1. Once every DSSP H run of n ≥ 4 in the chain is given -39500 (n - 2.57) and the sum is divided by its residues, what mean residue ellipticity at 222 nm do you get, rounded to the nearest 500 deg cm²/dmol?
2. Quick one: Kirkwood hydrodynamic radius for the chain, alpha-carbon pairs, angstrom, one decimal?
3. How do V157, V168 line up, fewest other C-beta atoms within 10 Å first?
4. Could you derive backbone 3J(HN,Hα) for the stretch 105-111 from the dihedral phi with the Karplus parameters 6.51, -1.76 and 1.60 (θ = phi - 60°), listing whole Hz in sequence and x where the residue is Gly or Pro?
5. Run a plain Debye calculation on the stretch 23-86 (Cα atoms as equal point scatterers, no solvent) and give log10 I(q)/I(0) at q = 0.23, 0.25, 0.27, 0.29 Å⁻¹, rounded to two decimals, same order as the q list.
6. For helix 68-86, what angle does its Cα long axis make with the longest principal axis of the chain, in degrees from 0 to 90 and rounded to 10?
7. Taking Cα pairs under 8 Å and at least six residues apart, what relative contact order does the stretch 23-86 come out at, in percent?
8. Can you give the direction-averaged projected area of the convex hull of the alpha-carbon atoms in the stretch 33-138, in nm²?
Amino acid sequence: MGVKKFKVNGIFLDLDGTIVDSREAYYEAARIAFQKMGQKLPEKETLLELPRMLERKQSINDVIEVDVQKFLPVYLDAYYAISAEKTMPFPNVSVTLKALSSKAKLALVTMRAFPKENILKELEDFGIAKYFTYVVTALDTDKPKPSPEALMKCMEVLDVQMRDCVIVGDSISDVRAGKAAGSKTVAVLSGIFSHEELAEEKPDLIIDDITALPSFIE
């Protein structure tokens, strides 16, 4: 059986868990939040469940002992403050992005509530900003993923048709956004969601990490 390949003109890439490893940032943000709220720190693996549970809109009351509405702003503020410092590109990301940019136009779609200038600075520090035609953050949209709004903005700027695009990300929101927009969807297992959780969303393809993607793009 031949390898399933996509012919696309645009590739929309998630940031955290897809291009950069954000686990240490998630952990450190939780550590800071628990400390500020005067709560005992749970096991590290439990803390790394927080972003997954929040994205799935699951209750985190079993993890924290304080008011969720008080905890979340502290946690998110801590994450945004340290994300650039505590995240690192996954191995061989630069080579992978170079290969992908020779096949299609690339856009970055992140749910971080940062000005895009901050994200571009981070990408420049990693030496990968040059591969992206456009960057969209949570501040650039009224509705973040899983809304398709960010993808529609990318489509317009890249001057492509959504049916000729693919969104690549590690979360259920990435897959849902792609399906809502009408693009192809690729899920990667390098982030916070399991194969089972991602498979439930029925993406067009599931791969271990982004370095496998060029083999599936014509």
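All of the numbers you see were taken from the coordinates with simple rules; none came from a lab. On a predicted model such as this, the values are computed, not experimentally measured, just so you know. Note that we place each Cβ from the backbone using ideal geometry, even for glycine, and neighbour counts take in every protein chain shown.
1. On the way: 9 runs with 87 residues, N = 218.
Value at 222 nm, helices only: -11500 deg cm²/dmol.
2. Values: mean 1/r = 0.0566 Å⁻¹.
Kirkwood hydrodynamic radius for the chain: 17.7 Å.
3. Values: V157 15, V168 28.
Ordered from fewest to most neighbouring Cβ atoms within 10 Å, V157, V168 come out as V157, V168.
4. Running phi through 6.51 cos²θ - 1.76 cosθ + 1.60 with θ = phi - 60° gives 6, 10, 10, 10, 10, 10, 8 Hz.
5. Debye output, listed in q order: -0.96, -1.15, -1.35, -1.54.
6. Tilt of helix 68-86: around 50 degrees.
7. Values: 47 pairs, mean separation 31.8, N = 64.
Relative contact order comes out at 50 percent.
8. Working: hull surface 31.7 nm².
The Cα convex hull of the stretch 33-138, projected and averaged over all directions, gives 7.9 nm².
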